[in-house]
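*Asks:* My questions will all concern the structure given below.
Rule-based calculations on the coordinates, nothing more; no lab input. All figures in this text were calculated on a predicted structure; none of them were measured in a lab. Using ideal geometry, Cβ is built from the backbone for each residue, glycine included, and neighbour counts are taken over all protein chains shown.
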Amino acid sequence: METQTKVVIGDPDAMVREGLKALLERTERIRVVAEADSSEEAVRLVRELKPDIVVLAFETPETRTLRSIRQLSTSKQRTRVLVLTCRKSRQMGTDAIRAGAMGCTDKTRRAVNLVAAVDCLAVGRMHIPRQASGLIRGQLLAGGAAPEARLGQLNATERDVLTLTARGFTGKEIAERIRRAPKSVENARARVRRKLGLQTRAELVAFALNVGLLRPDAGEG
């Protein structure tokens, strides 16, 4: 049997959580290991259970959810964050990606879209709905200082480390993928941050998306 993708669901509505769990576990390749009624509780469960993905719905105020996303993206957890947004606010998706989320999907759309989003994040790909990708790209690029020129400062190894870090892989996993010693990967990551002037994984994700190193899935119509 294939290894199942472990997921934590964070949504204040118990009925929504129940529905999301049923949709995901129907695939038999995704297992919901815990549920949370707040983003803070979701962060605690992620740290305890170390799932592959946490699915978070925006709470009120939205800043609470964004704070939780930042906590997860700046920690050493390899858990990737998928945010549930609503059609009336595409800005939520932009804010979530800026905070460090690896993807967003409209919670009112078909179940197949949620499953596709989880599958994308499980293999290290971003998931941004087609109708939101242009807005997100444009806003992430706003005010940027020649990102392509900054990318040119990196050698091939540093580019690989940047891309894999942005995709959510740990230093050990990156070392295995590019066949380098873990210490060499950490040194390369430090050089990347210094050369690009970036510190958090959220900033690295935004930069990698801007310069085309990340290929966000845009499967939703």
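*Asks:* Long-range amide H contacts for GLY100: which residues qualify at under 5 Å (H placed 1.01 Å from N, peptide plane, sequence gap of 5 or more or a different chain)?
*Replies:* The answer is none.
*Asks:* Further question on the same structure: Mind listing the long-range amide H neighbours of VAL32? Cut-off is under 5 Å, sequence gap 5 or more, other chains count too, H placed in the peptide plane at 1.01 Å from N.
*Replies:* VAL7
*Asks:* Mind ranking 169-181, 9-21, 31-43 by how tightly packed they are, going by the mean number of other C-beta atoms within 10 angstrom, highest first?
*Replies:* Going by the mean number of other Cβ atoms within 10 Å, highest first, we get 31-43, 9-21, 169-181.
*Asks:* Calculate one ³J(HN,Hα) per residue across the range 187-201 by plugging θ = phi - 60° into the Karplus curve 6.51 cos²θ - 1.76 cosθ + 1.60, and present them in order as whole Hz with x for glycine and proline.
*Replies:* Result, ordered by residue: 5, 5, 5, 5, 5, 4, 4, 5, 5, 8, x, 10, 10, 8, 5 Hz.
*Asks:* Follow-up. Using each residue's phi in the range 30-44, evaluate 6.51 cos²θ - 1.76 cosθ + 1.60 at θ = phi - 60° and report the 3J(HN,Hα) Karplus result to the nearest Hz, with x for Gly and Pro.
*Replies:* Coupling constants for the range 30-44: 10, 10, 7, 8, 6, 10, 9, 9, 8, 5, 5, 5, 4, 4, 4 Hz.
*Asks:* So, by mean Cβ neighbours within 10 angstrom, what's the order for 95-108, 185-198 with the highest one leading?
*Replies:* Top to bottom by mean Cβ count within 10 Å: 95-108, 185-198.
*Asks:* Over 27 Å between Cα atoms: which of LYS6/LYS172; LYS21/LYS172; LYS50/LYS107 fall into that group?
*Replies:* LYS21/LYS172
*Asks:* Could you calculate the FRET efficiency of ARG194 with THR63 from 1/(1 + (r/R0)^6), where r is the beta carbon distance between them and R0 is 30 Å, rounded to 0.05?
*Replies:* Here the calculated transfer efficiency is 0.50.
*Asks:* Once both labels are modelled 7 Å past Cα along the beta-carbon direction, what's the GLU18-ARG44 spacing in nm?
*Replies:* 2.3 nm
*Asks:* Further, regarding this structure: Under 14 Å from the Cβ of ARG180, count the other residues' Cβ atoms, weight Lys and Arg +1, Asp and Glu -1, and hand me the total.
*Replies:* Summing Lys/Arg as +1 and Asp/Glu as -1 gives +2.
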